[in-house]
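Input: a single structure, listed below in structure tokens.
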Amino acid sequence: MTASDNPCQSCGACCSYSSNWPRFTTEDDAALDLIPAKFVNDRLSGMRCDGDRCTALTGKVGTFTACGIYDVRPEVCRTCMPGDPECLMARRRFNLGELPPGSIAESQ
């Protein structure tokens, strides 16, 4: 799959939906230690946000985005999948609409 095939990279809504969303849940200490401290909130309970947007997100929501810590992102980020209820809720907040036909969401 190429970057252009991934609807997440033209979205980013889930990473900008709520400062409470990018929280740590099931990660062990070794996994958390891989996340650069500048991206962890002061309570050490989740990702640092600027408003509702995760500070690890780069780019413009709805245009082109990327995760600056994709390989070590927390479990909550790994479980949000294109087209799932959380994805669609976040997309609605940013008026991004449904995912286009043929997207990843339809194959899951």
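No value in this document is a laboratory result; all are computed from the given coordinates. No experiment lies behind these values; they were computed from the predicted model shown. Ideal geometry is used to build each Cβ from the backbone, glycine not excepted, and the neighbour counts take in all protein chains shown.
Couple of notes before you dig in:
- Of the set (1) out of contact with any helix residue (DSSP H, G or I) (no Cβ under 6 Å at 6 or more places or on another chain); (2) surrounded by 11 or more Cβ atoms within 10 Å (Cβ to Cβ), all apply to residue 30 but (2).
- Enumeration of residues in the range 73-103 that are hydrophobic (A, V, I, L, M, F, W, C) and buried (at least 16 other Cβ atoms within 10 Å of the Cβ): 76, 77, 80, 87, 88, 90, 96, 99
- Residue match in the range 12-33 (condition: out of contact with any Leu (no Cβ under 7 Å at 6 or more places or on another chain), hydroxyl-bearing (Ser, Thr, Tyr), touching a residue at least 24 places away in the same chain (Cβ under 8 Å) and over 17 Å from residue 91 (Cα atoms)): yes
- Some residue of the range 43-65 being without any contact (Cβ under 8 Å) to a residue 24 or more places away in the chain, touching a Gly at 6+ places or on another chain (Cβ under 7 Å) and within 18 Å of residue 16 (Cα to Cα): yes
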